[in-house]
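Note sheet for the following structure.
The values are calculated or read from the model by the stated rules, or taken from the named source; none is laboratory data. Because the structure is predicted, anything quoted here is derived from the model rather than measured. Heads up, the Cβs are rebuilt from the backbone with ideal geometry, glycines too, and the neighbour counts pull from every protein chain shown. Each accessible area value is taken on the protein alone, full model and side chains, heavy atoms only, with ligands, DNA and RNA left out. Shrake-Rupley method; radii C 1.70, N 1.55, O 1.52, S 1.80 Å.
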Amino acid sequence: EGKIMLESASKVAKAPDGNGGIYRALHLSGCVRDMERRGIKHIHAFAVDNAVCKVADPLWIGYCIKKGADMGCKVTAKTYPEESVGLLCRKNGRFAVVEYSDMD
């Protein structure tokens, strides 16, 4: 209670960068290089707080592979405009997830 989280012995941990941060983290940590070395061609990543996600959904993964997609993203419409959920959008010409906490 009331303790500061540290990233290392001399560095304060900052807030995570949302669910999309996994992709940068996979690269920076060397995981992508390791997966390539081991011949892993496809992964299924999802937000841990997504209670309705079907983990390792073979139909979805197969669909993405068949379409030659670099990435697939299942989304659903907001129930109402103020709903506290992130949005899939284009940001500076690229697809991005904008967290609801970052919206004005």
As an exercise: evaluate Glu82 against (1) exposed (fewer than 10 other Cβ atoms within 10 Å of the Cβ); (2) touching a Phe, Trp or Tyr at 6+ places or on another chain (Cβ under 7 Å) and give the number of the one condition it does not meet. (2)
Can you find even one residue in the range 72-84 that is among the aliphatic types (A, V, I, L, M) and outside any loop (DSSP other than H, G, I, E, B)? no
Within the range 31-55, residues being loosely packed, with under 10 Cβ neighbours inside 10 Å and over 16 Å from the mean Cα position of the chain (by Cα) number 4
Which one is farthest from the chain's Cα centre (by Cα), of the residues in the range 14-30 that are modelled with pLDDT of 80 or more and not aromatic (Phe, Trp, Tyr)? Gly30
Out of all the residues in the range 85-104, which are in a loop (DSSP other than H, G, I, E, B) and over 19 Å from Asp49 (Cβ atoms)? Asn92, Gly93, Asp104
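Of the residues that sit in the range 56-71 and are open to solvent by less than 90 Å² (accessible area, probe 1.4 Å) and assigned to a loop (DSSP other than H, G, I, E, B), which one is nearest to Val98 (Cα to Cα)? Show your work before the answer.
First, pick out the residues of the range 56-71 that are open to solvent by less than 90 Å² (accessible area, probe 1.4 Å): 56-57, 60-62, 64-65, 68-69.
Then keep just the ones that are assigned to a loop (DSSP other than H, G, I, E, B); that gives 56-57, 68-69.
Values: Ala56: 24, Asp57: 24, Gly68: 25, Ala69: 21 Å.
Per the stated criteria, the residue is Ala69.
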